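Below is one structure, written out as structure tokens, with a few remarks after it.
Rule-based calculations on the coordinates, nothing more; no lab input. No experiment lies behind these values; they were computed from the predicted model shown. Don't worry about glycine lacking a Cβ; one is built from the backbone with ideal geometry, like all the others, and counts go over all protein chains shown.
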Amino acid sequence: MRHFDTMATICSCSMSAFSVKKTKPRKYVSRSPLKLPADELYHELGPKYGLIDVKVADRKIAFDIESGDWNTANAEALGGISSNTAQKVRKQVEVLQEENNMLKLKVEVLLNLVAESIAEISSN
């Protein structure tokens, strides 16, 4: 029992020595680019801070400040293809796939006709 009393005394003394004092709340600092000084704005955003562009996946798109919309028409893929060119290529790929499917169907029909002709010739 005596050991327990000694430990309780030590613990109660050490707990008061390590009590945490409450700190003052921090002052809110805005990191809005609109409230930055000009030199810091130049350092953070570069010389053309009116132009906002973002790289997403393999594409680079720009924000049009006047219309308030993301502009993908002038945006280029990092490979050097504009979005208009990419749309034209996708449309051409779609047309070529449809043409390829039609040609496969024609080949299948012709093979069926050849098989029927061979079957008729061999039966006679």
Inset, instruction - Convert each backbone phi in region 89-104 into a coupling constant with the Karplus relation 6.51 cos²θ - 1.76 cosθ + 1.60 (shift: θ = phi - 60°), then list the ³J(HN,Hα) values in order as whole Hz, x for Gly and Pro. - result: 5, 4, 5, 5, 4, 4, 4, 5, 5, 5, 5, 5, 4, 5, 5, 4
Inset, instruction - Pop the C-beta distance of Asp69 and Asn112 into the FRET formula with R0 = 41 Å and round what comes out to the nearest 0.05. - result: 0.15
Inset, instruction - Measure off 7 Å from each Cα along the Cα-to-Cβ vector at Lys27 and Val89, then give the distance between these two points in nanometres to one decimal. - result: 5.4 nm
Inset, instruction - Provide the gained length on full extension for the span Ile52 to Ile121, in nm with one decimal, where the gain is 0.36 nm per separating residue minus the Cα-Cα distance. - result: 17.5 nm
Inset, instruction - Amide H neighbours of Arg59 under 5 Å, at least 5 residues apart or on other chains, H built in the peptide plane: list them. - result: Leu78
